[in-house]
Amino acid sequence: VLEFDGASWRLYGIGNSTVVRSVAHDKQGRIYAGGTNDFGFFTYNRYGGMDYHGLTDSIPENYRQFGEVWQIFPAEQGVYVQTRNYLFIFTKDGNVQVIDPADIIKTSLLTDNGEFYMATSRGVFVLTGNRLHPLRGIDLLKDATVCALTQWKDHALLIATDFAGLFIYDGNQIRPFH
């Protein structure tokens, strides 16, 4: 992680010194970072630098070889960490929930109203509690690969596919976005 103070740069590594693939920050000033089989956060120390606090050891041992951390979403209820195969939810009480979609995760999104969406090769899902549920009415996407999800107007989703175009999902149905 690079930090620029207006005059000079500082370089901070994560625990296992792998390439950082994703960063995010929360309202308390923590800077989260994830790399290969490593995830944690930075806090400022009294010397003006940053210290890394690894969280990988809090993940159940049989899930610690998770590969790259691709997306991090700090939220009120905890931190969502998306890897290629798993979603980890680090809760405020120190627990870690593991969501295993039994498929490769293509992308994910945490919306402003706290809804978590995940796209795999089997479709787009919404997380309710600790279970993934397929979105209703998205048959138009059955032969497409979803590459990106982003929030759109009125809590709708904008869904980008590899070669099938863009779509809007309003919570009930999907339609092409022109």
A correct Karplus calculation of ³J(HN,Hα) over segment 88-104, with 6.51 cos²θ - 1.76 cosθ + 1.60, θ = phi - 60°, whole Hz and x for Gly and Pro, returns 9, 10, 8, 7, 4, 8, x, 8, 10, 9, 10, 10, 10, x, 6, 6, 7
Ranking VAL19, VAL69 from most to least accessible area with a 1.4 Å probe gives VAL19, VAL69
Reduced to Cα centres, the span from segment 126-178 to segment 1-31 in Å works out to 32
Once all protein chains are kept in place, ASP112 shows an accessible area at probe 1.4 Å, nearest 10 Å², of 140
Restricting to lysines and to Cα separations under 25 Å from LYS92, and discarding same-chain partners fewer than 8 apart, the set is LYS27
Any GluC sites (Glu not before Pro) in segment 13-84 that lie in a DSSP loop and have at most 12 other Cβ atoms within 10 Å would be GLU76
When every protein chain stays in place and a 1.4 Å probe is rolled, TRP152, TRP9 sorted by accessible area with the largest first are TRP9, TRP152
The FRET efficiency for ARG136 and MET50, from their Cβ-Cβ distance with R0 = 35 Å and rounded to 0.05, is 0.20
In segment 105-176 the accessible area split gives carbon plus sulfur, as whole percent at 1.4 Å, a share of 47
Phi-derived 3J(HN,Hα) across segment 171-178 with the Karplus relation (6.51, -1.76, 1.60, θ = phi - 60°), rounded Hz, x for Gly and Pro, is x, 10, 9, 10, 9, x, 9, 9
Counting only DSSP loop positions in segment 126-178, the trypsin sites (Lys or Arg not before Pro) whose Cβ has at most 15 other Cβ atoms within 10 Å are ARG136, LYS142
With all protein chains in place and a 1.4 Å probe, HIS25 shows an accessible area in Å² (nearest 10) of 140
Placing one equal point scatterer on each C-alpha of segment 125-178 and summing with Debye, one gets log10 I(q)/I(0) at q = 0.15, 0.17, 0.18 Å⁻¹ equal to -0.40, -0.51, -0.57
Among chymotrypsin sites (Phe, Trp or Tyr not before Pro) in segment 17-126, those in a DSSP loop whose Cβ has at most 11 other Cβ atoms within 10 Å are TYR47
Given a Förster distance of 30 Å, the FRET efficiency implied by the Cβ-Cβ spacing of PHE177 and ASP103, rounded to the nearest 0.05, works out to 0.75
Length gained if ASN113 through ASP57 is fully extended, taking 0.36 nm per residue and subtracting the Cα-Cα distance, is 17.2 nm
To the nearest Å², the heavy-atom accessible area per residue of segment 1-130 with 1.4 Å probe amounts to 54
The extension gain from THR128 to TYR86, computed as 0.36 nm times the residue separation minus the Cα-Cα distance, is 13.6 nm
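The values are calculated or read from the model by the stated rules, or taken from the named source; none is laboratory data. Source: prediction; values computed, not measured. Cβ coordinates were reconstructed from backbone atoms using ideal geometry, including for glycine residues, and neighbour counts include every protein chain displayed. Calculation scope for accessible area: heavy atoms of the full protein, side chains included, ligands and nucleic acids excluded. Shrake-Rupley method; radii C 1.70, N 1.55, O 1.52, S 1.80 Å.
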